[in-house]
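**Q** Okay, handing you the structure first.
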């Protein structure tokens, strides 16, 4: 039985290598071997039927556990050693596999090792580290499985690398063509401006007008992930947030206030705190809705005045009564 399993792994690796060579993507045999071994040597359980169950019961999509050779941890360490840009071609090619378990194994590493990697900052400065055919293959592969529950965990990697490689239009094509309730959409909106910046702002504004209040609120918060926003771009975003502050829908107002207290000028922070105070005066339970905005005001700080700190603290206390 052990020999049969070993032969199966060797065969799977050989087939995938041929496919990689055919599409012209350079492969890493060692990483490929680890990924191909996961369905053979690990227990894999399909994701739950909805996103909330998946998050609580699974390690990002398919549940991977009890690996005989600790392949899941081995893969993470190997990718850390060689770096994201060198591992990405193999991860993308295996994500594109017709074998869902292979694709799910790759998704595991795309989520853990690529989506929020510190290396992305270096790749952003040197986009040539990722070949065009790699991101283009990634986009095509994701589009094929964009409505699958497990694929959502590859979203951040796709969006960040795609933004760096200036594939904004192709990324939004995926978003706009997917089912309205496709699981990846929340993560897409949360990540799209981190490296894409203002290239996506007009699209974000459209999503912010959605009848789905939670989707709209997520879009309103999206510019907060654009860490390097400054100057005229920041003024544009802060002005937009200010127009939404008084929205009758508290979720919209709360999202706008979170943006204002995190990135904007003193006068705009004052306006946000005043609006929060007004909403809490109507119902003290509203302080929960504004907890994000209030938590942004961290004191003592040079960014916030003593008056702002005092008001924020007082408003936070309303939630405890």
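**Q** Hey, any hits in the stretch 169-184 for a residue that's more than 22 Å from residue 94 (Cβ to Cβ), modelled with pLDDT of 95 or more, crowded, with 18+ Cβ neighbours inside 10 Å and touching a helix residue (DSSP H, G or I) at 6+ places or on another chain (Cβ under 6 Å)?
**A** yes
**Q** With respect to residue 284, determine if the residue is more than 31 Å from the chain's Cα centre (by Cα) and farther than 19 Å from residue 246 by Cα. Walk me through it before giving the result.
**A** On the way: more than 31 Å from the chain's Cα centre (by Cα): yes; farther than 19 Å from residue 246 by Cα: no.
It is false that residue 284 is more than 31 Å from the chain's Cα centre (by Cα) and farther than 19 Å from residue 246 by Cα.
**Q** Being at pLDDT 85 or above, buried (at least 21 other Cβ atoms within 10 Å of the Cβ) and not in a helix (DSSP H, G or I) is true for just one of 38, 64, 79. Which residue is that?
**A** Working: 38 fails: not in a helix (DSSP H, G or I); 79 fails: not in a helix (DSSP H, G or I).
Among 38, 64, 79, only 64 is at pLDDT 85 or above, buried (at least 21 other Cβ atoms within 10 Å of the Cβ) and not in a helix (DSSP H, G or I).
**Q** Kindly indicate which of 200, 225, 239, 191 is within 30 Å of residue 266 (Cβ to Cβ) and without any contact (Cβ under 8 Å) to a residue 24 or more places away in the chain.
**A** Working: 200 fails: without any contact (Cβ under 8 Å) to a residue 24 or more places away in the chain; 225 fails: without any contact (Cβ under 8 Å) to a residue 24 or more places away in the chain; 191 fails: without any contact (Cβ under 8 Å) to a residue 24 or more places away in the chain.
Going through 200, 225, 239, 191 in turn, just one is within 30 Å of residue 266 (Cβ to Cβ) and without any contact (Cβ under 8 Å) to a residue 24 or more places away in the chain: 239.
**Q** Wholly within the stretch 134-237, which helices (runs of 4 or more DSSP H) include no fewer than the required count, namely at least 2 residues that are closer than 24 Å to residue 290 by Cα? Talk me through it step by step, then tell me what you get.
**A** Values: elements: 155-164, 168-177, 185-196, 201-208, 213-221.
The qualifying helices (runs of 4 or more DSSP H) are 185-196, 201-208, 213-221.
**Q** Then there's this: Which of (1) closer than 23 Å to residue 143 by Cβ; (2) crowded, with 21+ Cβ neighbours inside 10 Å; (3) free of Cβ contacts under 8 Å to residues at least 40 places away in the same chain does residue 91 not meet, given it meets every other one?
**A** Here residue 91 meets the rest and fails (3).
The values are calculated or read from the model by the stated rules, or taken from the named source; none is laboratory data. Just so you know, these numbers come straight off a predicted model, no measurement behind them. Methodologically, a virtual Cβ is constructed for each residue, glycine included, from the backbone with ideal geometry; neighbour enumeration extends over all protein chains shown.
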